[in-house]
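Notes for the one structure printed next.
The values are calculated or read from the model by the stated rules, or taken from the named source; none is laboratory data. Not measured: the values here are computed from a predicted model. Glycine also receives a Cβ, built like all others from the backbone with ideal geometry; neighbour counts cover every protein chain displayed. Note: areas computed on protein heavy atoms with side chains; ligands, DNA, RNA excluded. Shrake-Rupley method; radii C 1.70, N 1.55, O 1.52, S 1.80 Å.
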Amino acid sequence: MASRRWTVIDFALLGVSGAVAAVIFYAAWYVWDLFSAVGPLARPLSVGLWFTGSIIAATLIKKPGAAFLGELLGAVIEAILPTRGGFTNVIYGVLQGIFAELGYRLLGYKRWDIVAGAIAGALAGVGELLATLVVYREIFQAVSDVGSEVGLASPGAIIVYWLAANAVSGALYGAIAAAAARSARG
Amino acid sequence: MRSGYSRRLGGSRAPVSVSALLLYSLWVTVLAVATSDPWKLGFLALVTGLPGLVLGYRRYGVLVPLLGLSLLGTFLNMLLLYNVGDPVFSIGPLVVREEAWRRTVSLDLRILSLAGAGLLFASTVNPRDAVRSLEVELGMPRGFAFALAFALRLLPLVYRDLQEVMAVRRMRGYRRVPITPGDYRSLFMPLLSVTVERGIWVGVAAELRGFSLRPRRRVRPRFRRGDLVLLVLAVLQGLVVAGLAGP
Amino acid sequence: MLLEARIEEAGYGDKQVLREVELSLAEGERLLIVGSSGSGKTTLLLSVSGVLDNLLEGYTRGKVSLAGLNPLEPEGFRKVPSKAGFVLQDPDKQLAMPTPLDEVMFTLENLGWSEEEARKRALEVLAEMGLKGLELVPVENLSGGQKRRLTLAASLAHNPVILFLDEPTASIDPWGLAELRSYLRRISGERGVAIIEHKARYFLDMVDRVVALREGRIAGYWRPSSPGLVEELEDAGADAGSYTVREPRVSVGEVVVEARGVGAGYGGRVVVEVGEVTVRRGEVVALVGPNGSGKTTLLKTLGGLLKPVEGEVRLRGHAFYMPQHPDYVFLFPTVGREVAEVKTATGVDLTSLPGFEWVKGLMDRSPYRLSHGQRRWLAFGIAIAYRADLYLLDEPTTGMDVGLYRTFGSLLEDLASRSAVLVSTHDVRVVAEYVDRVYMVSSGRVWEVDKGYAVRLLEEAWR
């Protein structure tokens with residue numbers, strides 16, 4: 001790609017990514033509910049779906065800012081569709097977008113392949129953790145209180161599990177999203 | 001996914017302006033995230049959450065019962081995880097204790113307030129008014145505003161595509177409910193490739209219709225009488241959460 | 001002159017598409033540019049509008065002057081939209097906004113109109129194009145013909161001095177085509193209009209000049225009245241001429257699908273009431289009728305993809321539904337995987353089917369990166385491999401030039417020798433040349449009509 005300036009085609013592709021991401025995000029709520037039946041496995045199995053907006057946008061557009069804007073746009077539409085999360089979706093979108101963007105930045109904005117998608121997806125999980133720590137801190141508190149009481153897990157261990165689950169899920173869905181977006185863009 | 005488009009051809013005649021409603025919903029979201037106090041959250045849930053849910057139920061139906069399930073789920077989780085402290089009440093043989101109850105109440109009231117704030121906006125504003133006021137009144141960059149409007153245009157189209165792809169999967173004898181990552185890829189690839197091709201041509205068409213000449217337009221938000229009510233409610237909830245007033 | 005182009009060479013990267021093309025268009029003139037797929041028609045439009053050089057990774061060597069601007073330079077290109085209007089091929093690939101009102105206002109606001117003026121003008125243009133009352137309806141709820149008129153409204157609202165239309169007949173029914181023709185007559189005036197189209201015959205009676213492109217070069221210029229034009233245009237790959245009405249097949253087999261007293265629709269709402277529809281093995285049956293009349297819903301109901309709202313469909317054997325867009329048929333990332341999976345599922349080796357030798361050379365390609373014609377062809381091959389008892393084809397000839405149409409015809413003949421085939425189509429050629437019986441779908445009902453009548457009806461509808 002010769003220029004890093006965004007053309008109107010890039011913005012149109014951002015719209016494409018936003019629409020597809022919104023559908024995925026909307027469906028992700030149902031996937032999440034479904035997997036909640038299997039308890040702690042819900043996270044690694046579904047959370048990464050919410051990071052795919054950034055990966056699809058970045059893989060299609062291949063320019064700085066695409067990962068962040070792609071995740072943000074998907075989240076904005078998710079909020080106005082609407083879903084249960086309301087405008088907290090936007091908080092999640094901003095934080096996940098920043099961390100996914102960081103992934104592409106660390107690769108010098110030179111790689112837009114499946115590996116890059118997996119890395120950015122895994123990093124987006126950090127954003128998800130931060131957002132949840134802010135928005136639903138009671139969940140985390142309850143989990144860590146009970147964890148430390150029965151002596152099974154310290155708050156640190158829970159964060160590590162949480163991050164690991166996010167990273168696995170984000171990398172998996174990130175890789176799939178990148179693969180699909182790469183084959184789609186001729 | 002129902003799309004709400006108004007039948008109005010002129011400017012909006014709603015009693016509140018889109019920008020004010022958006023700012024209000026965002027403000028309540030921030031307040032609900034900021035506090036953990038069940039009384040303060042209860043106030044937010046009452047003032048914003050409840051009206052939002054009522055409006056949302058009329059428009060989106062199924063979403064609100066689902067929300068109820070999620071509230072119940074939180075309660076069950078808390079019971080399972082952290083049912084300690086003094087007994088608060090009992091349901092048959094089950095004794096609900098203070099920690100579980102307190103945390104459930106805070107969390108559920110927050111979820112209610114957040115969902116209500118979102119639904120309040122989504123069920124009273126149609127997407128095209130939202131995009132317009134975001135661009136013109138709140139200064140969203142034109143590129144992002146274009147992407148947002150185009151994405152809203154694409155949603156029903158993507159939904160139609162999805163049905164076609166599912167139809168072919170069935171004809172070709174593949175699972176109707178996708179399970180493996182490969183299934184998902186085979187479902188999304190046709191969708192993405194068709195939509196991407198559309199996106200590229202829409203970009204070309206938009207440029208041929210002068211997208212890069214589009215002037216940046218800022219209009220001072222025109223506030224309406226109803227906005228004053230929103231302002232009063234916003235300030236009131238702010239004061240309550242800050243602990244300067246109320247319960 | 002509104003347009004003067006002297007293109008020495010144009011293309012993408014190292015792929016040259018156009019060579020030595022000269023084109024001009026005067027005030028008030030209507031020009032028809034014809035040529036088969038791959039002849040460079042669309043590249044020509046992209047080149048003279050400056051898109052090729054400024055937006056896509058292509059190049060143009062030569063000189064272009066468009067209403068006094070040089071579109072090959074970035075500064076000139078930016079100003080092109082204020083002088084020219086462009087209607088591109090597929091409405092779904094150019095309508096960018098959620099509602100018709102927003103779509104037209106988008107053009108006007110881009111060009112500096114205030115919100116109030118833009119709204120006023122947009123409502124006026126939408127009314128002129130017969131879209132009054134639909135201003136705020138979601139674009140997806142418009143029919144193909146309405147979408148086409150919306151693309152016209154959005155390209156004309158600012159009164160450009162020159163108008164380009166790229167295959168405006170794709171995706172509209174004959175009734176929509178008649179409307180399009182009458183709007184084109186009405187809006188011309190002092191404007192220059194260039195129509196790019198391979199179905200030349202739909203516009204021959206209303207243009208001043210005809211240019212044909214073949215393999216990226218000019219194959220000739222004509223006046224529409226010149227003798228022998230039809231043959232010469234057909235030689236250039238355009239669909240300029242007539243067709244023959246073939247006699248229906250006489251020997252047909254057993255009934256494969258039968259619907260009596262069926263209400264086809266979805267969500268509990270009946271879209272089409274079916275008195276009686278039957279399709280037998282060995283025959284090709286057509287469904288004709290306006291866009292949005294429920295032909296696709298009926299096809300899907302007969303194929304078992306939609307449950308009938310009322311009644312029951314009796315299907316003996318397997319059905320295969322081919323959507324209008326060939327991309328939906330592909331499920332795997334490469335042509336090779338696609339061929340392999342088809343072989344596992346059906347035992348048929350696609351590459352050994354007659355007419356599919358070309359597939360062998362493209363095995364590691366993504367099916368989505370094939371040309372539009374190749375995608376249609378391959379999708380059709382996949383359908384054939386499944387050896388279904390009933391084939392349901394939704395508008396299979398959309399966007400096909402004569403060459404591909406002939407190939408499609410022979411594949412269709414082959415299918416009909418073993419299976420029952422039901423085709424939804426607007427294409428009068430298909431009805432005349434390959435179809436045995438015709439059902440008409442309109443105003444929520446289906447009834448059988450005489451084939452000759454159907455051909456006359458489709459033929460008269462667009463004039």
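In the calculated pair distance distribution of the protein assembly as shown, what percentage of Cα-Cα distances lie above 54 Å? Don't skip to the end; give the middle numbers.
Numbers: 68169 of 400960 pairs.
Looking at the protein assembly as shown, the distances longer than 54 Å represent 17 percent of pairs.
What accessible area per residue comes out for segment C:16-86, rounded to a whole number of Å², with a 1.4 Å probe? Walk me through the numbers before you get to the answer.
Values: 2590 Å² over 71 residues.
Averaged over the residues of segment C:16-86, the accessible area is 36 Å².
Tell me: how much accessible area in total is hidden between C and B, 1.4 Å probe, Å², nearest 100?
Working: alone 19990 and 16300 Å², together 30650 Å².
Using a 1.4 Å probe on protein heavy atoms, the buried area is about 5600 Å².
At 7 Å along the Cα-to-beta-carbon direction for both C:R406 and C:Q16, put a label point, then send me their distance in nm to one decimal.
Placing both labels 7 Å along Cα→Cβ, they lie 2.8 nm apart.
Could you work out, residue by residue across B:98-104, how many beta carbons of other chains sit within 10 Å of that residue's beta carbon, and then give the average as an integer? Each step should come with its number before you reach the end.
On the way: counts 0, 4, 1, 0, 1, 5, 2.
Mean shielding count: 2.
For the protein assembly as shown, what is the charge dipole size about the Cα centre, in debye to the nearest 20, if Lys and Arg each add +1 at the Cβ and Asp and Glu each add -1 at the Cβ? Kindly include the intermediate steps, with their values, before the conclusion.
Working: 99 positive and 89 negative charges, 258 e Å.
Rounded to the nearest 20 debye, it is 1240 debye.
Work out, step by step, the length gained on full extension between C:L353 and C:E116: first 0.36 nm times the residue separation, then minus their alpha carbon distance; give nm to one decimal.
Details: separation 237, 0.36 × 237 = 85.32 nm, distance 6.07 nm.
Taking 0.36 nm per residue and subtracting the Cα distance, the gain is 79.2 nm.
If R0 is 30 Å, what FRET efficiency do you get for C:A345 and A:R111 from their C-beta distance, rounded to 0.05? Intermediate values should be presented prior to the final figure.
On the way: r = 36 Å, r/R0 = 1.19.
So, using R0 = 30 Å, E works out to roughly 0.25.
Provide the net charge surrounding A:G93, with neighbours chosen by a C-beta distance below 11 Å and charges set as Lys +1, Arg +1, Asp -1, Glu -1.
Values: positive: none; negative: A:E71, A:E78, A:E128.
Residues close to A:G93 contribute a combined charge of -3.
What distance in nm lies between label points placed 7 Å from Cα along the C-beta direction at C:A26 and B:L50?
7.8
Round to the nearest 0.05 the FRET efficiency obtained for B:I91 and A:Y30 when R0 = 30 Å and r is the Cβ-Cβ distance. Walk me through the numbers before you get to the answer.
Working: r = 29 Å, r/R0 = 0.96.
Taking R0 as 30 Å, the efficiency between B:I91 and A:Y30 is 0.55.
With the solvent-accessible surface defined on protein heavy atoms using a 1.4 Å probe, which residues belonging to segment B:173-196 display a reduction of at least 20 Å² in accessible area in the multichain context relative to the isolated chain?
Buried by the other chains: B:Y174, B:P181, B:R185, B:S186, B:F188, B:M189, B:P190, B:L192, B:S193, B:V194, B:T195, B:V196.
Quick one: helix C:100-110 against the long Cα principal axis of chain C, what's the angle to the nearest 10°, folded into 0 to 90?
20
Given N residues in chain B, what is Rg(Cα) / (2.2 N^0.38 Å)? Spell out each step's value before the answer.
Working: Rg = 23.0 Å, N = 247, 2.2 N^0.38 = 17.9 Å.
That works out to 1.29 for chain B.
Taking just the C-alpha trace of segment B:130-247, give me its Rg and Dmax in Å.
Using the Cα atoms of segment B:130-247, the pair Rg, Dmax is 22.7, 66 Å.
Given +1 on the Cβ of Lys and Arg, -1 on the Cβ of Asp and Glu, and no further charges, what dipole in debye does chain C carry about its Cα centre, rounded to the nearest 20?
Numbers: 55 positive and 65 negative charges, 110 e Å.
Magnitude of the dipole: close to 540 debye.
Working from the alpha-carbon coordinates of segment C:73-199, get Rg over Rh, Rh being the Kirkwood radius.
0.94
Enter the accessible area per residue of chain A (Å², integer; probe 1.4 Å; all protein chains in place). Before the final figure, lay out the partial values.
Values: 6530 Å² over 186 residues.
Averaged over the residues of chain A, the accessible area is 35 Å².
Could you pull the Rg and Dmax for segment C:228-372, using just the Cα atoms, both in Å?
19.8, 55
Might you tell me the accessible area per residue for chain B, computed with a 1.4 Å probe and given in Å²?
On the way: 11100 Å² over 247 residues.
Heavy-atom accessible area per residue stands at 45 Å².
What accessible area, summed over both chains, is buried at the B-A interface (1.4 Å probe, Å², nearest 100)?
Values: alone 16300 and 9090 Å², together 20690 Å².
The B and A chains share an interface burying roughly 4700 Å².
Just checking the output field for C:194-205: average partner chain Cβ neighbours within 10 Å of each residue's Cβ? Could the numbers behind the result be given before it?
Numbers: counts 0, 0, 0, 0, 0, 0, 0, 0, 0, 0, 0, 0.
So the per-residue partner count for this stretch is 0.
Enter the mean projected area of the convex hull around the alpha-carbon atoms of segment A:8-185, in nm², rounded to one decimal. Don't skip to the end; give the middle numbers.
On the way: hull surface 38.3 nm².
Mean orientational projected area (segment A:8-185, Cα hull): 9.6 nm².
Provide Rg and Dmax in Å for segment A:128-186, with only Cα atoms included in the calculation.
Radius of gyration, then largest Cα-Cα span, for segment A:128-186: 16.2, 55 Å.
How much net charge surrounds B:V131 when only other residues with a Cβ under 12 Å from its Cβ are counted (Lys, Arg +1; Asp, Glu -1)?
On the way: positive: B:R128, B:R132, B:R142, B:R153; negative: B:D129, B:E135, B:E137, C:D102.
Here the charged neighbours net out to 0.
Using +1 at the Cβ of each Lys and Arg and -1 at the Cβ of each Asp and Glu in chain B, identify which of B:S133, B:P215, B:M189 lies farthest towards the dipole's positive end.
Towards the positive end, the residue furthest out is B:P215.
Once neighbouring chains are kept in place and the probe is 1.4 Å, which whole percent of the accessible area of the protein assembly as shown is contributed by carbon and sulfur?
58
Which residue, chosen from C:V339, C:S82, C:V449, occupies the Cα position most advanced towards the positive end of the dipole of chain C, where the dipole is computed from +1 (Lys, Arg) and -1 (Asp, Glu) charges on Cβ about the Cα centre?
My answer, from the dipole projection, is C:V449.
Based on Cβ point charges of +1 for Lys and Arg and -1 for Asp and Glu, what charge dipole magnitude is obtained for segment C:293-435 about its Cα centre, in debye rounded to the nearest 20? Could you put the intermediate results ahead of the total?
On the way: 16 positive and 16 negative charges, 38 e Å.
For segment C:293-435, the charge dipole is close to 180 debye.
Going toward the positive end of the dipole of segment A:8-185, with +1 on Lys and Arg Cβ and -1 on Asp and Glu Cβ, which of A:N89, A:A120, A:V23 do you reach last?
A:A120
Around C:L2, under 14 Å between beta carbons, what's the net of Lys plus Arg minus Asp minus Glu among the other residues? Mind dumping the intermediate values first?
Working: positive: C:R30, C:K83, C:R191, C:R209; negative: C:E4, C:E27, C:E29, C:E190, C:D208.
Result for the neighbourhood of C:L2: -1.
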